[in-house]
Amino acid sequence: MKLLVTGGAGFIGSNFIRYYLAERPGDSILNLDKLTYAGNLENLSDIENHPGYRFVKGDICDAPLVAELFGAERPDVVVHFAAESHVDRSILSPSPAFETNLRGTFTLLEAARQYKTGRFVHISTDEVYGSLEDPLEADENFPLRPSSPYSAAKAGSDLLALSFHTTYKVPVMVTRASNNYGPFQFPEKLIPLLVTNAFEDQPLPIYGDGRQVRDWLFVEDHCAAIAAVVAGGREGEIYNVGGNFSCENLHVAREILRLTGKPESLLKTVADRPGHDRRYALSSVKIQRELGWSPRVDFSTGLARTIEWYRSHRSWVSRVKGGDYRQYYQQHYRDREQTLSRL
């Protein structure tokens, strides 16, 4: 099969490309990525010469380019990762989230409709369900209650994709995953931010009281779930993908300090994010029942593997923590030092 993967130079996309080509070496992947701040071809340097892999730099909002690629390549499957995916950035500047996540998705769906693509897997997030009271878990029929510009844009793109199935019979499937972690994650997200700061003996910034609850999914498990949907998912369906491990952000931070041998005095609170969701929780019963997928990497093992990866890739961390990242970090944390306090 021929796959068109969008956003394949990002965290989850690059892990998926590597995973999929290892599992299906006879298939081919065209990676379309704009290479924004979080897109990094270094993430795929080990497979850049793979005979089944090719990269094209481009914007999913560029309709002529997208149409040209679909017409020339005629992909059997589209796996659509490309998105503005960080909540804080969407709060600072909402426009890019809606441009990429809605207009970009529309552009791809139109091309898939025109060229009769065999499958279109749209990668989404548990954040579209909003904050849930304990002990609720969101299944695929749970109401959508997004709280941030990012999650609202993703909810809109989910509905747009599903509407193309209902109206035009485009073979769309939507996956909604919980918080991913693992190698190659850009260090603005919680786990790589805390891990890399711990290595540098820098403060570990914790929003509010740190009691926000998240479900954690190791990225390789997520990749296996997406591959299962590519192979056997039902058209027009949504599949939740959860890690079956929920805990408070403060627990994650303390585990990172324990595993890196750093003192808890590095924990610092910062002013909470506006509209911060308190608790996410997913039910993954459907994908387990229909496709036989379940997470294999428990959180303790996955976190230890992740920390070791960042420990052994210090040069990668140093390179990606330059430029735009430093500007973002100053705006969010160091310029808010008056809000810092010891936990």
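Every number here is computed from the coordinates shown, using simple stated rules; none is lab data. These numbers come from a predicted model, not from an experiment. Positions of Cβ are backbone-derived with ideal geometry, glycine not excepted, and every protein chain shown enters the neighbour counts.
One table, with the values for the structure above:
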quantity	calculated
About the Cα centre, charge dipole magnitude for the range 47-166 (Lys/Arg +1, Asp/Glu -1 at Cβ), debye	540 debye
Mean separation of Cα contacts under 8 Å (6+ apart) over length of the range 49-208, as relative contact order %	23 percent
Stokes-Einstein D for the range 1-40, Kirkwood Rh over Cα pairs, 4 °C, 1.567 mPa s (µm²/s)	128 µm²/s
Cα Rg over Rh - the range 62-106, Kirkwood	1.09
The range 18-83 pair-distance distribution - Cα-Cα, 5 Å bins, rounded %	3, 14, 27, 26, 20, 9, 1
Extent along principal axes [Cα atoms of the range 106-240; Å; largest to smallest]	53, 31, 25
All Cα pairs of the range 29-143, percent lying beyond 21 Å	48 percent
10 Å-binned pair-distance histogram of the range 92-173 (Cα, whole percent)	18, 45, 29, 8, 0
Extension reserve of the residue 294-residue 211 stretch, reckoned as 0.36 nm per residue once the Cα distance is removed	27.2 nm
Rounded D (µm²/s) - the range 150-306, Kirkwood Rh over Cα pairs, Stokes-Einstein at 20 °C, 1.002 mPa s	125 µm²/s
Cα→Cβ-extended label distance, 7 Å offset, between residue 304 and residue 50, nm	2.8 nm
Contact order normalised by residue count of the chain, Cα under 8 Å, 6+ apart, percent	17 percent
Ordering of 140-153, 56-69 by burial proxy (mean other Cβ atoms within 10 Å per residue, highest first)	140-153, 56-69
Debye equation applied to the C-alpha atoms of the chain, log10 I(q)/I(0) at 0.10, 0.14 Å⁻¹	-0.57, -1.16
Counted charge near residue 278, where neighbours are those whose Cβ lies closer than 14 Å (Asp, Glu -1; Lys, Arg +1)	-4
Linear extension gain, residue 201 paired with residue 271, 0.36 nm per residue minus alpha-carbon span	23.1 nm
Estimated translational D of the range 181-234 in µm²/s (Stokes, Kirkwood radius over Cα pairs; 25 °C; 0.890 mPa s)	183 µm²/s
Formal net charge of residues neighbouring residue 16 (Cβ-Cβ distance under 14 Å; K, R +1; D, E -1)	-3
Which listed pairs, of 268/321; 154/268; 34/169; 34/116; 2/169; 189/286, have C-alpha distances above 26 Å, in listed order	154/268; 34/169; 189/286
Added length on full extension, which subtracts the Cα-Cα distance from 0.36 nm per residue, residue 145 to residue 67	24.8 nm
